[in-house]
Amino acid sequence: MTLLTFRFAPSPNGDLHLGHAYSALLNQRLAKAMGGRLLLRIEDIDTVRCTPEFEAGIFRDLEWLGFDWEKPVRRQSRHFGEYQAVLDRLIRDELVYPAFMSRGEIRAFIADSEKRGRDWPHDPDGVPLYPAADKALPARERSRRIAEGAAFAWRLDVEAALARAAKGLSWTEFTDETLSATRPVEARPQDWGDVIVARRDIPTSYHLAVVTDDALQGISHVVRGQDLYAATGVQRLLQDILGLGAPSYHHHRLIPGPDGRKLSKSLGDSGLAALREAGVSPEGIRKLVGL
Ligand code: GLU
C-alpha cells in the first residue's frame with residue numbers, strides 16, 4: 001500500500017498568518033488521522049520577494065505551533081535544474097511558446113482593443129488574458145528576436161495542450177474537512193488563457209514547480225486554500241500533458257481577517273508572530289481557526 005502524503009507549501013515572501021496556521025494544522029491533523037506523511041515545502045522560486053528572514057520566520061512559527069514536518073525540507077530554489085528539464089519537454093513538444101510582451105505592452109494592446117469596442121477576457125482572478133499575437137509569430141521571427149537578446153517568458157499554448165490532453169479532464173475534490181466525501185470537478189484551464197510556465201529570469205513558474213514537486217514528492221492529498229481552487233484546472237492540464245499522476249484535492253475555507261476580508265501577508269495583527277507576542281498560545285491559535 002502506498003503511504004498517503006500531505007504537504008504544507010508556504011512562500012517565504014511574508015509572515016505567516018492565521019490562514020496559514022489553519023492550512024498547516026489541517027494538513028497535520030489529516031496526516032495523523034490517516035497515518036500519512038507530513039511534508040513542508042518552501043516555495044521560493046521568486047528569489048527577489050522571498051527572503052531568508054521570512055523563511056526563518058516560517059520555521060519559527062511552525063515549530064511553535066507544533067507542526068512536525070519531515071526533514072529535509074524541499075526548497076524550490078535549489079531545484080531549478082529539475083524544472084528546466086520539465087520545461088524542455090514542453091518546448092520539445094511545442095506546447096509552449098516564447099512570449100515577448102512586457103506588462104506595459106500587454107496593457108497598451110488591451111486598451112487599444114477595448115477602444116475599438118472589444119471586451120477583453122479576464123481570468124478567474126480578474127487578470128486580463130495574454131494576447132494571442134506572440135503565439136502567431138512565425139518561427140523565423142521568434143528566432144530573430146531571441147538571437148537579438150529580447151526578454152521573454154514561456155507560456156503554455158493552452159489550446160494545443162488541451163488538444164493533446166485526455167478528454168473531460170477533471171480532478172477529485174474532497175468536499176469537507178474530514179475528507180469523507182468527494183465530487184469530480186471539471187478542469188477549465190482555458191479560463192486562464194496561456195499561463196506562464198517559465199518566467200523571464202527563472203526556468204519555472206508557480207504552476208510548473210507545484211505540479212513537478214507534488215509528483216516528485218508523491219503527494220496524494222493537496223490540502224490548501226479555496227483561493228487556489230480554480231487554478232487547479234491549469235495544474236491538472238500540466239499533470240496530464242507531462243504524464244504525472246494527479247493527487248486528490250481539498251480546498252479549505254479561508255480564515256477572514258478582523259474586518260471580515262481576506263487575510264494578506266501585510267496584515268500584522270493576524271500574523272502568528274504578533275499573536276504569539278500578544279500572549280496567544282498554540283492552543284489558542286487552534287481555537288481561533290476552529291480546529
Ligand atoms: N505557495 C503557495 C502559497 O503560499 C501555495 C501553493 C499550493 O499549496 O499549491 O500560496
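The values are calculated or read from the model by the stated rules, or taken from the named source; none is laboratory data. Note that the structure is predicted; figures quoted are calculated from it, not measured. Please note: Cβ atoms are built from the backbone with ideal geometry, for glycine as well, and neighbour counts cover all protein chains shown. Quick note on the areas: whole protein, heavy atoms, side chains included, nothing else; ligands and nucleic acids left out. Shrake-Rupley method; radii C 1.70, N 1.55, O 1.52, S 1.80 Å.
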Quick one: what pairs do we get from segment 170-194, first residue in contact (Cβ under 8 Å) with a residue 24 or more places away in the chain, second among the hydroxyl-bearing types (Ser, Thr, Tyr) and surrounded by fewer than 14 Cβ atoms within 10 Å (Cβ to Cβ), C-beta under 8 Å, 6+ apart or different chains? Phe174/Ser180; Thr182/Thr175
Residue in segment 1-29 that is farthest from the ligand (Cβ to nearest atom), counting only those that are closer than 17 Å to Asp214 by Cα and hydrophobic (A, V, I, L, M, F, W, C): Leu3
Cross-chain or 6+ apart pairs with Cβ under 6 Å, segment 1-24 first and in contact (Cβ under 8 Å) with a residue 60 or more places away in the chain and open to solvent by 20 Å² or more (accessible area, probe 1.4 Å), then within 11 Å of the ligand (Cβ to nearest atom) and of a type in the set (Asp, Glu): Ala9/Glu43
Residues being of a type outside the set (S, T, N, Q), under 25 Å from Phe6 (Cα atoms) and open to solvent by 20 Å² or more (accessible area, probe 1.4 Å) - total across segment 170-208: 10
Output the helices (runs of 4 or more DSSP H) that fall wholly within segment 179-291 and possess 1 or more residues being in contact with a His (Cβ under 9 Å, 6 or more places away or on another chain) and within 16 Å of the ligand (Cβ to nearest atom), or say none. 206-216, 232-241, 272-277
Flag for Arg7 being modelled with pLDDT of 95 or more and closer than 19 Å to Pro282 by Cα: no
All positions within segment 25-54 that are closer than 19 Å to Arg224 by Cα and assigned to a helix (DSSP H, G or I): Leu25, Leu26, Asn27, Gln28, Arg29, Leu30, Ala31, Lys32, Ala33, Met34
Selection from segment 30-44 of residues touching a Ser or Thr at 6+ places or on another chain (Cβ under 6 Å) and within 11 Å of the ligand (Cβ to nearest atom) yields Glu43, Asp44
